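Here's the structure we're looking at; comments come further down.
The values are calculated or read from the model by the stated rules, or taken from the named source; none is laboratory data. Quantities reported herein were computed from a predicted structural model and do not represent experimental measurements. Cβ sites come from the backbone with ideal geometry, for glycine too, and all protein chains shown count toward neighbours. With ligands, DNA and RNA removed, areas are computed over all heavy atoms of the protein, side chains included. Shrake-Rupley method; radii C 1.70, N 1.55, O 1.52, S 1.80 Å.
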2 protein chains.
Amino acid sequence: MAQVQRMSRLMVKTLRDDPADAETLSHKLLVRAGYVRRTSAGIWTWLPLGKKVLENVARVVREEMDAIGGQEVLLPALLPREPYDASGRWDEYGDLLFRVKDRKGADYLLGPTHEEIFTQIVKDQCSSYKDLPVILYQIQTKYRDEARPRSGVLRGREFQMKDSYSFDTTDEGLVESYGLHREAYQKIFARLGLDYRIVSAVSGAMGGSASEEFLAPAAAGEDTFVDCPACDYAANTEAVTFALTPVEGVEHGPVEELDTPDTPTIETLAEHLGVPASATLKNLLVKVDGEIVAVGVPGDREVDLGKLGEHLAPAVVELVTAEDFVGRADLVRGYVGPQGLDKVRYIADPRVAPGTAWITGANKADKHARNVVCGRDFEVDDYLDVVVVEEGDPCPACGTGLKMDRAIEIGHIFQLGRKYADTFQLDVLGQNGKPVRVTMGSYGIGVSRAVAALAEQSADSQGLCWPREVAPADVHVVAAGKALQTELALDVSEKLGAAGVRVLVDDRAGVSPGVKFTDSELIGVPQILVAGRRSAEGVLELKDRRTGEREELTVAEAIARLTA
Amino acid sequence: MAQVQRMSRLMVKTLRDDPADAETLSHKLLVRAGYVRRTSAGIWTWLPLGKKVLENVARVVREEMDAIGGQEVLLPALLPREPYDASGRWDEYGDLLFRVKDRKGADYLLGPTHEEIFTQIVKDQCSSYKDLPVILYQIQTKYRDEARPRSGVLRGREFQMKDSYSFDTTDEGLVESYGLHREAYQKIFARLGLDYRIVSAVSGAMGGSASEEFLAPAAAGEDTFVDCPACDYAANTEAVTFALTPVEGVEHGPVEELDTPDTPTIETLAEHLGVPASATLKNLLVKVDGEIVAVGVPGDREVDLGKLGEHLAPAVVELVTAEDFVGRADLVRGYVGPQGLDKVRYIADPRVAPGTAWITGANKADKHARNVVCGRDFEVDDYLDVVVVEEGDPCPACGTGLKMDRAIEIGHIFQLGRKYADTFQLDVLGQNGKPVRVTMGSYGIGVSRAVAALAEQSADSQGLCWPREVAPADVHVVAAGKALQTELALDVSEKLGAAGVRVLVDDRAGVSPGVKFTDSELIGVPQILVAGRRSAEGVLELKDRRTGEREELTVAEAIARLTA
């Protein structure tokens, strides 16, 4: 017997107008349809309808996590500082971390993710290879003090997340646990009715090896990703790679010095010489752990300092300042060229391939040089993908020009390796009687964010439109208004409820049929059953919320259809 | 198809010894049996078995809350300061409140209870009497920075609670909502298998009128309550009342002054005069909002300053200091008697009834007075129950001597009235078109605490012993060890699971039968099914965990019995 929710008693207040501060579709509609309510910046209350959707998403996640042998636990959100000091994340998280002092002045934090604590638990509970592999998960409240919390529940400061962690004794075991999660996530997002892509990702602050993100394409998304229109390649923009292809058999003339006064930028230089910016080589100087390093990219491309930082982590990357040039005659500010940088490590984009010729700084004030050839006039110490990816860049898989799209990150799977196991010395006794260091994976699904992503993807101009598995009800029964219609609506609702159908019935008195219809479109239950004109004959109208298709049915037919 | 949990894969590590810091039975056993693990002082992780029990308790609570029309919502735990400033609780909670600053320096708190926020939500969502009554609830994480977190999950600093709030337009409506909760709580605790009493309670820091507590008697309880062995009266010690019974027809002699040097205490006075302490009248001076007030109680009783404070709230009660006697010739320190206190308000315990005679201070140094009669020689301004209740005090209902017991508070129901509605001006449009101030109730169940209370009440010397509704499984199948036994155990487990029985099966290899039996007793699943000696014949032994009764059954019989 499923629940019949009567709107006359349900706390749901729909709004005709978008909230003033709402920018995204899901934010507007979830507020207008009475699913969520803002309590503070980035901190939300889930009202009765919203709580049902949130719970439905959590149920699907739970079922699929159980199916891969995941064991559900519940960790605290208020966590002691010490393990996060040990891992370095107490500091690394910076302002993103909510920090708390207790009455004795001891430091705590509100957990943004729980690698440290799970590692400690497994260290405490598992002592032998026989105790592994193990997959632990929780669906729990997480905290991140976002600088600009916005987009409603899409990016909150308090949010619901499923996080899980795998513990294995071998690398192969980790790959298997990762694979189990990957499949579980595919099932979860398919059941939720989300359109999604799996993209290669860089590791971010987590530090580790293989990592993929599950992205739900949506205009409101805060992530940009590249998508190949020709093959199935998709990737986080930070993870796109460009093949290093040496240019062979091309003869270049000798290096030639050019007078280039008043050309402080690539644009002015290209204009002065009448060449495209792509013919020039841009050399950015940075400090890596205090040492000056030059980074070369084609003049028409931008260096992605975030990507550079990721590549060089844990080394710290900073921009140079005027002071760094003091006593460095080899570094002529604005006129740096790699052919004169013997004492400086030179990192370059793969586009700066051996055999390519460039216009670049001549290492003299007001001078540039032409025909500076990579491999002949200078050497690249390290090739790294550090340029900002652009629409039309070649697909690493098939070479087709890439498309760029916006998406919501709804899941992330990640082979952490032994980073945390090393920190906490998590060993178990191996088969040979010797200690084995454990290897870990960490896997997340944004449960509250998935609700927003679903709202974004499934809404239309009338309002929300949920897939059945997550909808707050299976059918929205609308009593057009007259006593007879209300009677029929309640009768059919009762019968549907008894048959296991989850019913939301609009039995409100004193509300016009027009308002009720508008509300039913806004609330977005997938089937709408109206007790209207032909109620006296016992005939109802069933409307598909998505397609708008309508059909007249008797009570018995409606029940047969909705229980099918 | 219910889940079959294989212990070979389940993260559960039992301990032979009690944790060093554990004082209470539930703390010891929940840790030893692998249900919970301490993460920090008063902050706990729920391991797989514990999470199941916690979830079972939550499910029962949810079902019964839904049955009374409660609507489930989910509020944030991280709350803005402003509403708690408005109610005064930001300060009133003192050190009990975890306070947090965000990256911009704005003040937040970790919610200990959510009256303020629910009031704001209803103000936002409900505008007419037609929208009420409404009952909202959540099962959510709460925070209290206890000075001495202890007793495991019985009194944590982060804990799970069901809190609900009723909103009505009339006092009768509030009484009805309160009654619905009272009945729902009775059903919940009965289903959970908890032994409990409903006791009258004083309101504590909440401020309001009717209030009852649900107490689970247990040695580990931190609450003391009184229980009548003759009738069904039970009460919080602070709520016990004593009837005022004037004494009539007794003639007392005239007031007589006594020399009583060196009698600074009631004990020395009683000894000096050769009378019981109960014949003397103790007069405690306090300041109420700065004004000196005297409180009279029999010499053998103690004044409960907490109770006095509750009675006089919101006035502030303080003890007097030497400075308060300056310039007050009427107040002779150590020799105060009510017969000389014309300028001082006199509050007395009902035992100081009209017609009773006392030995009390003579308002002169080193002098006491005998035959000081209430109603003849002094008047009582207010009778208040302010003495500490003692074992043997008469039952207010039947007069029998009361017993005092320890208990765990597992629930609290409370008619808040209009306190918060006044603070936030929560009005709805009444039937007559005029605004009506809303009246509220607030109701709590300690969900994680109920797990501890169940452990306390149901455990025996062998370990935990759960009622079936909350147990982590319906049956614990033990494979004694040989291949044949494991095969039979897994086969019967599979069949039981398919029949909807929740199974925990101990299929661990290399663990002795003795250890498995001991673990099964410790873990406390109500039925234990052993594949042992007669496995070759397909015969198992079913043992009732509580009674220890054993019975041999075939596989078919075991399935029939366990699905009955």
ask   = Taking segment A:425-449 only, how many residues are surrounded by 20 or more Cβ atoms within 10 Å (Cβ to Cβ) and assigned to a loop (DSSP other than H, G, I, E, B)?
value = 2
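From the list A:Phe118, A:Phe167, exactly one residue is open to solvent by less than 40 Å² (accessible area, probe 1.4 Å), closer than 30 Å to A:Leu429 by Cα, within 10 Å of chain B (Cβ to nearest Cβ) and in contact with a Cys (Cβ under 9 Å, 6 or more places away or on another chain). Which is it?
Step by step, each of A:Phe118, A:Phe167 is checked, and only A:Phe167 is open to solvent by less than 40 Å² (accessible area, probe 1.4 Å), closer than 30 Å to A:Leu429 by Cα, within 10 Å of chain B (Cβ to nearest Cβ) and in contact with a Cys (Cβ under 9 Å, 6 or more places away or on another chain).
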ask   = Before we move on, is B:His311 assigned to a helix (DSSP H, G or I) and on the phi < 0 side of the Ramachandran plot?
value = yes
task = Within segment B:50-58, identify whether any single residue is over 25 Å from the mean Cα position of the chain (by Cα), within 11 Å of another protein chain (Cβ to nearest Cβ) and open to solvent by 10 Å² or more (accessible area, probe 1.4 Å), and answer yes or no.
result = no
task = Hey, can you tell me all the residues within segment A:492-506 that are assigned to a helix (DSSP H, G or I) and either open to solvent by less than 60 Å² (accessible area, probe 1.4 Å) or small (Gly, Ala, Ser) (or both)?
result = A:Val492, A:Ser493, A:Leu496, A:Gly497, A:Ala498
task = Residue by residue through segment A:266-281, note down the ones that are free of Cβ contacts under 8 Å to residues at least 40 places away in the same chain and either in a strand (DSSP E or B) or within 19 Å of A:Val352 (Cβ to Cβ) (or both).
result = A:Ile266, A:Ala270, A:Pro276, A:Ala277, A:Ser278
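Report yes if A:Ala421 is touching a residue at least 24 places away in the same chain (Cβ under 8 Å), surrounded by 15 or more Cβ atoms within 10 Å (Cβ to Cβ) and not in a strand (DSSP E or B), otherwise no. Step through it out loud before you land on a result.
Details: touching a residue at least 24 places away in the same chain (Cβ under 8 Å): yes; surrounded by 15 or more Cβ atoms within 10 Å (Cβ to Cβ): yes; not in a strand (DSSP E or B): yes.
So A:Ala421 fits the description; yes.
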query = So which residues in segment A:24-49 are over 28 Å from B:Leu109 (Cα atoms) and open to solvent by 50 Å² or more (accessible area, probe 1.4 Å)?
reply = A:Leu25
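For residues that are of a type in the set (D, E, K, R) and more than 20 Å from B:Glu541 (Cα to Cα), scanning just segment B:447-493, find the one that is nearest to the chain's Cα centre (by Cα).
At the first step, the residues of segment B:447-493 found to be of a type in the set (D, E, K, R) are B:449, B:456, B:460, B:468-469, B:474, B:482, B:487, B:491.
Those left that are additionally more than 20 Å from B:Glu541 (Cα to Cα): B:449, B:456, B:460, B:469.
Numbers: B:Arg449: 10, B:Glu456: 14, B:Asp460: 23, B:Glu469: 22 Å.
Among those that are of a type in the set (D, E, K, R) and more than 20 Å from B:Glu541 (Cα to Cα), it is B:Arg449.
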note = Within segment A:513-548, restricting to residues that are surrounded by 15 or more Cβ atoms within 10 Å (Cβ to Cβ) and of a type in the set (S, T, N, Q), the one that is modelled with the lowest pLDDT is A:Ser535
Filter result (open to solvent by 50 Å² or more (accessible area, probe 1.4 Å), touching an Asp or Glu at 6+ places or on another chain (Cβ under 9 Å) and part of a loop (DSSP other than H, G, I, E, B)) within segment B:392-418 = B:Ala397
ask   = Hey, any hits in segment B:60-73 for a residue that's at pLDDT 95 or above, on the phi > 0 side of the Ramachandran plot and either facing chain A (nearest Cβ under 7 Å) or open to solvent by less than 20 Å² (accessible area, probe 1.4 Å) (or both)?
value = yes
key: Selection within segment A:522-537 - of a type in the set (S, T, N, Q) and over 37 Å from the mean Cα position of the chain (by Cα)   = A:Ser535
task = Hey, can you tell me all the residues within segment A:94-107 that are at the interface with another protein chain (Cβ under 7 Å from one of its Cβ atoms), open to solvent by 50 Å² or more (accessible area, probe 1.4 Å) and not acidic (Asp, Glu)?
result = A:Arg103
request  = For segment A:233-261, name all the residues that are without any contact (Cβ under 8 Å) to a residue 60 or more places away in the chain and charged (D, E, K, R).
outcome  = A:Glu251
query = With (1) open to solvent by 30 Å² or more (accessible area, probe 1.4 Å); (2) part of a helix (DSSP H, G or I); (3) of a type in the set (Asp, Glu) as the list, and A:Glu551 as the residue in question, which single condition is left unmet?
reply = (2)
request  = Give me a count of the residues in segment B:140-158 that are closer than 13 Å to B:Ile445 by Cβ and either in contact with a Pro (Cβ under 7 Å, 6 or more places away or on another chain) or open to solvent by 30 Å² or more (accessible area, probe 1.4 Å) (or both).
outcome  = 1
note = Checked against (1) open to solvent by less than 60 Å² (accessible area, probe 1.4 Å); (2) at the interface with chain B (Cβ under 9 Å from one of its Cβ atoms); (3) in a loop (DSSP other than H, G, I, E, B); (4) touching an Asp or Glu at 6+ places or on another chain (Cβ under 9 Å), A:Lys13 satisfies every condition except (1)
key: Residue check, A:Ala509 in a helix (DSSP H, G or I) and exposed (fewer than 15 other Cβ atoms within 10 Å of the Cβ)   = no
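Yes or no, residue by residue, for (1) at pLDDT 95 or above; (2) in contact with a Phe, Trp or Tyr (Cβ under 8 Å, 6 or more places away or on another chain); (3) not in a loop (DSSP other than H, G, I, E, B):
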{"position": "B:Tyr84", "(1), (2), (3)": "yes, yes, yes"}
{"position": "B:Pro112", "(1), (2), (3)": "yes, yes, no"}
{"position": "B:Ile117", "(1), (2), (3)": "yes, no, yes"}
{"position": "B:Ile135", "(1), (2), (3)": "yes, yes, yes"}
{"position": "B:Gln140", "(1), (2), (3)": "yes, no, yes"}
{"position": "B:Tyr165", "(1), (2), (3)": "yes, yes, yes"}
{"position": "B:His181", "(1), (2), (3)": "yes, yes, yes"}
{"position": "B:Ile188", "(1), (2), (3)": "yes, no, yes"}
{"position": "B:Leu194", "(1), (2), (3)": "yes, no, no"}
query = Among all residue pairs at least 6 apart or on different chains, which show Cβ distances below 7 Å where the first residue, located in segment A:330-357, is in a loop (DSSP other than H, G, I, E, B) and the second is basic (Lys, Arg) and open to solvent by 40 Å² or more (accessible area, probe 1.4 Å)?
reply = A:Asp330/A:Lys343; A:Val332/A:Lys364; A:Tyr335/A:Lys364; A:Tyr335/A:Lys367
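Determine which member of the set B:Leu110, B:Leu180, B:Leu154, B:Leu132 is of a type outside the set (S, T, N, Q) and at the interface with another protein chain (Cβ under 9 Å from one of its Cβ atoms).
Going through B:Leu110, B:Leu180, B:Leu154, B:Leu132 in turn, just one is of a type outside the set (S, T, N, Q) and at the interface with another protein chain (Cβ under 9 Å from one of its Cβ atoms): B:Leu110.
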ask   = Restricting attention to segment A:17-32, does a residue exist that is facing chain B (nearest Cβ under 10 Å) and farther than 30 Å from B:Leu47 by Cα?
value = no
inquiry  = Condition (residue is of a type outside the set (Gly, Ala, Ser) and closer than 20 Å to A:Val303 by Cα) applied to segment A:404-422: is it met by at least one residue?
reply    = yes
inquiry  = Of the conditions (1) buried (at least 18 other Cβ atoms within 10 Å of the Cβ); (2) over 33 Å from the mean Cα position of the chain (by Cα); (3) not small (Gly, Ala, Ser); (4) not in a strand (DSSP E or B), B:Val389 satisfies every one except a single condition; which number is it?
reply    = (2)
